[in-house]
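Only one structure is covered here, and it is reproduced in the block below.
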Amino acid sequence: MSNERPFDRPTGGPRARPVGGPASERVPQPERQVAFRLGISAESRAAAYLIAKGFRILARRWRSPVGEIDIIAARRHLLIFVEVKARAKLDDAAWSVTDRQRARIVAAAEAWLARQGDHPFQDMRFDAVLVAPGRIPRHIPAAFDADG
């Protein structure tokens with residue numbers, strides 16, 4: 001009798017792989033790696049820009065089951081949830097936040113707030129920071145509201 005459990009054995013199908021191999025045999029596609037690095041770089045530029053404007057960064061790339069927020073920042077009694085968009089041109093970035101993304105950002109913001117309990121913030125808003133190569137980031141306060 002073998003120590004193998006039935007679900008440990010490869011089935012021989014196209015997705016079968018030996019058990020005990022590398023955790024992930026998938027190699028990220030080069031274009032996804034480039035997009036990921038571009039996103040991280042854009043978020044870093046956006047965070048630095050917000051810091052220069054007097055904001056304190058509370059979280060970056062905050063994830064919850066309902067969505068992700070690129071940057072959460074505060075200044076005095078103002079809390080902002082920031083969506084960072086990087087494109088070749090700033091105008092292209094301005095139009096790239098979809099209704100579905102907005103809904104996920106709002107849901108994630110609600111999840112973040114629920115975890116904070118009492119907080120000192122009197123005002124909250126959803127901002128965007130647009131990033132393009134060779135340009136100063138553009139901060140758009142109140143880019144959208146919780147209603148979409």
For residue 78 and residue 92, extending 7 Å from Cα along the Cα-Cβ vector and measuring point to point gives, in nm, a value of 3.0
Taking the simple approach of a point 7 Å from Cα along Cα-to-Cβ for both residue 114 and residue 145, what is their distance in nm?
2.3
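Bear in mind that the values in this text are calculations on the coordinates, not laboratory data. In this text, all values refer to a predicted model and were calculated from it rather than measured experimentally. Using ideal geometry, Cβ is built from the backbone for each residue, glycine included, and neighbour counts are taken over all protein chains shown.
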